[in-house]
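Scroll down for the structure; my scribbles are underneath it.
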Amino acid sequence: MKKINLNILLIFVFIAVVMTLFVNKLTTPRILDKNELLINGLFLFDKPKEISEFEFFSGDNRPFTKDDLKNKWTLMYFGFTNCPDECPTTMYEMSKLLKVLKDKDYPLEDKQWVLVSIDPERDTADSVDKYAKGFSEDFVGIRSSRPMLLNLATQLSVNNVMPSSNHMDHSHLDQHVNNIILINPDADFAGFFRPPFTTSRLSLTYQSITSN
């Protein structure tokens, strides 16, 4: 009888170990190689690019500088509050990614999500921050002067088109690059996610990179 009980105990232990390994495999982010990341929409530089100092402002005129990028993984998107389609679509995909991560209890203490206005002539620091938070309270919207914007956007290969002298002409905004910028905890430009964006691809690539 004791031998039978021991065999039963060993069987239960074996099943528990197998189930633990199976659950761990399901919940542990899959680490993709560079080619797999590229296939799924994330381009990484061989060597991250250093970003120069900058100063933007968020809601209540709070400063947002390069120091705010340090020790965090940052997803940064360049858009504007009057954007008719691409911006809200991309921001919505980013909010869905954040929800997936929260549902999985993915560590988010060192993660942040930033919307940079490319329309400083019309957007205010408050309006762009409120717009960003309309997609998620965890998002931050920032705005600065046109020269400061061009400086940062050019470094991040996003947009360096000046508006025309006609204040009613906003066609330059249609030419911005619809990438999501990835900035690593060293505050360096690490790469970018390319459209089309889907929650599954963003989740797969984002977790692969930020879980290292």
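The values are calculated or read from the model by the stated rules, or taken from the named source; none is laboratory data. All values reported here derive from a predicted model rather than from experimental measurement. Note that each Cβ is placed from the backbone with ideal geometry, even for glycine, and that neighbours are counted across all protein chains shown.
One table, with the values for the structure above:
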quantity: Every residue from segment 88-115 that is outside any strand (DSSP E or B), in contact (Cβ under 8 Å) with a residue 60 or more places away in the chain and not polar (S, T, N, Q); calculated: Glu93, Met94, Lys96, Leu97, Val100, Leu101, Lys104, Tyr106, Asp110
quantity: Any hit, segment 59-82, residues being among the small types (Gly, Ala, Ser) and under 16 Å from Phe192 (Cβ atoms); calculated: yes
quantity: Filtered residues of segment 116-146 (kept if closer than 12 Å to Met76 by Cβ and assigned to a helix (DSSP H, G or I)); calculated: Ala132
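A quick yes/no check of all residues on (1) modelled with pLDDT of 95 or more; (2) surrounded by 15 or more Cβ atoms within 10 Å (Cβ to Cβ):
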position	(1), (2)
Cys83	no, yes
Glu93	yes, yes
Leu98	yes, yes
Lys104	no, no
Asp123	yes, yes
Tyr131	yes, yes
Ile142	yes, yes
Thr154	no, no
